[in-house]
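Single-structure report; data block below.
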Amino acid sequence: MPKHQKSAIPSLRARDSQISNAAYRMIRLITLYWKEDPTEDGTKKGKNFSEEARKLRQFCEKHLGFEIESFDIPLENSQSELLGYINRTVSVVNRAKKEKECPALLIFHYGGHGDPNDQDPDDQRRGKAVWAQKERGGPTLLWGEIQETLSASEADILLVIDCCYAAHAARSSLAPRLPSRPKIQLLAACSEKTLGPGPKSFTRAFMNDLLVELQQHPQATIDKIHLRLCNRKDRLYSIPILVSLISDPNGENIRLHSLKPLHARSSRIF
């Protein structure tokens, strides 16, 4: 290579030094999906959602070094059980953030069915995000109400919602309760309809685009990932939507990055 040309590939030391300048020292991914109905054939869509969530956890643990968890939404008392889990998780991460004195990010991913909730007789609930175990029938929960409790978080939060009417989550009011004003952003698969799990799913595209972005840059802002998802190359059924539910005072977006050194990462998702 001529002396006047610089290598386009950063050295290991240069790339790994980015870890010390990373946006977060703790990132926890939690996948949410409905528990399988034991009365249904295991080959149905519920199993596919849990399998895609497993692949997302595998990807984030293997490539990025995130802490990972999953929660099977129960078929009974779905609303209260998920609310309790979310509140406990936020409390645990708040405590860990305080003990470690480090910036933290919580990522909640939901894969399942959604409903527009446009027939609700309650004016306060109508139009807010509803999650459903099935396209028709089966248990449901009002995610819009649960989501409003996230303002108690001291960590930044990224919601990645992969279901029909995912953008309805933007209709829930979130008021910052803390002086630190953590960022809460929503990356929604669509405003109305989207495809289920599979090669052309929103979740699969999210993984691919995040990996590509991090192969080119030490950190990937969520708006850059959103732009990639909107590109025709991804061939998504619907255009994804990015909404800041609680904005950063300086207008910054959530930044995703690996917690692993470069030499410990893989270039393949699966």
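The values are calculated or read from the model by the stated rules, or taken from the named source; none is laboratory data. The shown structure was predicted, so the numbers you read here are calculated from the model rather than taken from an experiment. Note: ideal-geometry Cβ built from the backbone for every residue, glycine included; neighbour counts use all protein chains shown.
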Long-range neighbours under 9 Å by Cβ, at least six apart or interchain, first residue more than 13 Å from residue 157 (Cα to Cα) and touching a residue at least 12 places away in the same chain (Cβ under 8 Å) within segment 229-254, second assigned to a helix (DSSP H, G or I) and basic (Lys, Arg): 234/228
Flag if residue 35 is basic (Lys, Arg), under 22 Å from residue 130 (Cβ atoms) and modelled with pLDDT of 90 or more: yes
Exclusive hit being farther than 30 Å from residue 136 by Cβ, out of contact with any helix residue (DSSP H, G or I) (no Cβ under 6 Å at 6 or more places or on another chain), at pLDDT below 95 and assigned to a loop (DSSP other than H, G, I, E, B), set 260, 233: 260
Residue check for residue 98: in contact (Cβ under 8 Å) with a residue 60 or more places away in the chain and either surrounded by fewer than 17 Cβ atoms within 10 Å (Cβ to Cβ) or not hydrophobic (A, V, I, L, M, F, W, C) (or both): no
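Within segment 139-147, can one find any residue that is over 21 Å from residue 31 (Cα atoms), assigned to a loop (DSSP other than H, G, I, E, B) and either among the aliphatic types (A, V, I, L, M) or touching a residue at least 60 places away in the same chain (Cβ under 8 Å) (or both)? Spell out the reasoning first.
Of all residues in segment 139-147, those over 21 Å from residue 31 (Cα atoms) come to none.
No; the residues of segment 139-147 include none that is over 21 Å from residue 31 (Cα atoms), assigned to a loop (DSSP other than H, G, I, E, B) and either among the aliphatic types (A, V, I, L, M) or touching a residue at least 60 places away in the same chain (Cβ under 8 Å) (or both).
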Selection from segment 136-157 of residues that are touching a Phe, Trp or Tyr at 6+ places or on another chain (Cβ under 9 Å), closer than 11 Å to residue 174 by Cβ and small (Gly, Ala, Ser): none
Tabulated pairs, segment 204-221, first in a helix (DSSP H, G or I), second among the aromatic types (Phe, Trp, Tyr), C-beta under 8 angstrom, 6+ apart or interchain: 207/59; 211/59
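Mind checking which residues of segment 141-166 are of a type in the set (S, T, N, Q) and in contact with a helix residue (DSSP H, G or I) (Cβ under 7 Å, 6 or more places away or on another chain)?
If the condition is that a residue be of a type in the set (S, T, N, Q) and in contact with a helix residue (DSSP H, G or I) (Cβ under 7 Å, 6 or more places away or on another chain), then 147, 149, 153 are the ones that fit.
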Residue 129 being of a type outside the set (Asp, Glu), touching a His at 6+ places or on another chain (Cβ under 6 Å) and either under 16 Å from residue 222 (Cα atoms) or in contact (Cβ under 8 Å) with a residue 24 or more places away in the chain (or both): yes
